[in-house]
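Colleague: Sending over a structure as structure tokens; questions will come in a sec.
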Amino acid sequence: MKMTKRYYSLFDYNNDKFGGRVYKATLDAGFSCPNEPKCIYCLQTPKCRLSIEEQWKAEKQRISRKDPNAKICAYFGIRTNTFCDAEKLERLIETAVNLGAFSVSIATRADCIDEEKADILAGCKLPLTAELGLQTIHDETAELICRGHSYEDFLRGFRMLKQRNIRVCVHIINGLPNEDKQMMTETAKTLGKLGIDGIKIHSCHVMKNTRLEEMYNSGVYVPISFEDYIDVVVKQLEVLPKETVIERLTGDGDKRLLVAPNWSRDKIAVLGGIDKKMAQLDVYQGQYFGYIPTN
């Protein structure tokens, strides 16, 4: 396992596992979400009118301009991609295989995983990752943001996947309403002990036309600051196992619809801030795995 940074990045993992970079072709399979009312930060995005095959062709052309020999992952990353019957999920996996994808990534919710769907995912002929949107382990926050399922629900779905040796990446959000740094760090620490394979860390974005925007405008919600976000991400990296793949350290909200925080528009500054803070403190991923330091 080789680390080019002070944490185990997705770039490093792909080099270790597959001998080079794997690009993601983002595909909209046309699924919806079981959660009504939707999470307070979620936008109602229109479904893509193009077929999966047409989307793949466009994405492959885009990626091939960067790297003609690129390995490409079919990334079904929009909405809940197991919120369907088993037969439709099987067809989705078969489509990815027939397209010639190198690997598959399925974004979904743990409460939309059952034994039959877990079996279908496990039977995929390509390297497959299930991405679970958890956001936080704290049920009081989950109720506030209207996530629609409990941490116990997450654990049931997660265990079904891991019992079948399916690679699992979990999404978390820093800066959710009423959460402090200790709660955010506890989320990362707990997931690390579960043995997650990968993690995507996002900042909480206030987007136009969401209930979170109403909370922000009324002063009920104050976004996390740049300095606090950097600080908590570093603490989370310290308590995650060194083997956990860090697949994302900041989110990419649609800048046309982003209300706050403004600092999140500059992804390079956020990533650079994390690198700088880790160097200043001389810390590495996994340095405090198993406990949270008191300093």
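The values are calculated or read from the model by the stated rules, or taken from the named source; none is laboratory data. Keep in mind it's a predicted model, so treat the numbers as computed, not measured. Methodologically, a virtual Cβ is constructed for each residue, glycine included, from the backbone with ideal geometry; neighbour enumeration extends over all protein chains shown.
Colleague: Only residues that are crowded, with 19+ Cβ neighbours inside 10 Å and either at pLDDT below 95 or not hydrophobic (A, V, I, L, M, F, W, C) (or both): list them for segment 113-140, please.
Modeller: Selection gives Lys117, Thr129, Glu131, Gly133, Gln135, Thr136.
Colleague: Regarding segment 230-240, can at least one residue be identified that is farther than 17 Å from Gly175 by Cβ, touching a residue at least 40 places away in the same chain (Cβ under 8 Å) and outside any loop (DSSP other than H, G, I, E, B)?
Modeller: The answer is yes, given that some residue of segment 230-240 is farther than 17 Å from Gly175 by Cβ, touching a residue at least 40 places away in the same chain (Cβ under 8 Å) and outside any loop (DSSP other than H, G, I, E, B).
The rows are residues; the columns are (1) among the aliphatic types (A, V, I, L, M); (2) in contact with a His (Cβ under 9 Å, 6 or more places away or on another chain); (3) closer than 22 Å to Leu134 by Cβ.
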| residue | (1), (2), (3) |
| --- | --- |
| Lys189 | no, no, yes |
| Ile199 | yes, yes, yes |
| Thr210 | no, no, yes |
| Asp228 | no, no, yes |
| Lys242 | no, no, yes |
| Ile246 | yes, no, yes |
| Thr250 | no, yes, yes |
| Leu281 | yes, no, no |
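Colleague: Which of the residues belonging to segment 242-265 are closer than 20 Å to Ile199 by Cα, part of a loop (DSSP other than H, G, I, E, B), modelled with pLDDT of 95 or more and not hydrophobic (A, V, I, L, M, F, W, C)?
Modeller: Within segment 242-265, Lys242, Glu243, Thr244, Thr250 meet the criteria.
Colleague: Now for a different question. Scanning segment 1-39 for residues that are of a type in the set (Lys, Arg) and outside any loop (DSSP other than H, G, I, E, B), which turns out farthest from the chain's Cα centre (by Cα)?
Modeller: Filtering first and then ranking leaves Lys17.
Colleague: So, one more: Looking only at residues in segment 70-94 that are free of Cβ contacts under 8 Å to residues at least 12 places away in the same chain and in a helix (DSSP H, G or I), which one is surrounded by the fewest Cβ atoms within 10 Å (Cβ to Cβ)?
Modeller: Among those residues, the one meeting the criterion is Glu87.
Colleague: Quick test for you: out of Ile268, Ile274, pick the one residue that is in a helix (DSSP H, G or I) and farther than 24 Å from Thr190 by Cα.
Modeller: Ile268
Colleague: May I ask you to say which residue of Thr136, Thr129 is more than 25 Å from Glu179 (Cβ to Cβ), under 16 Å from the mean Cα position of the chain (by Cα) and of a type in the set (Val, Ile, Thr)?
Modeller: Exactly one of Thr136, Thr129 is more than 25 Å from Glu179 (Cβ to Cβ), under 16 Å from the mean Cα position of the chain (by Cα) and of a type in the set (Val, Ile, Thr), namely Thr129.
Colleague: How many residues does segment 242-268 hold that are under 16 Å from Lys5 (Cα atoms) and aliphatic (A, V, I, L, M)?
Modeller: Residues that pass the stated criteria total 4.
Colleague: Is segment 276-289 home to any residue that is within 26 Å of Leu155 (Cβ to Cβ), modelled with pLDDT of 95 or more and exposed (fewer than 14 other Cβ atoms within 10 Å of the Cβ)?
Modeller: no
Colleague: Now, a different point. State the number of residues belonging to segment 40-69 that are assigned to a loop (DSSP other than H, G, I, E, B), buried (at least 17 other Cβ atoms within 10 Å of the Cβ) and in contact with a helix residue (DSSP H, G or I) (Cβ under 7 Å, 6 or more places away or on another chain).
Modeller: Residues meeting the conditions: 2.
Colleague: Residues of segment 144-164 being under 20 Å from Lys193 (Cβ atoms) and either surrounded by fewer than 14 Cβ atoms within 10 Å (Cβ to Cβ) or not basic (Lys, Arg) (or both), which ones?
Modeller: Scanning segment 144-164 gives Ser150, Tyr151, Glu152, Asp153, Phe154, Leu155, Gly157, Phe158, Met160, Leu161, Gln163.
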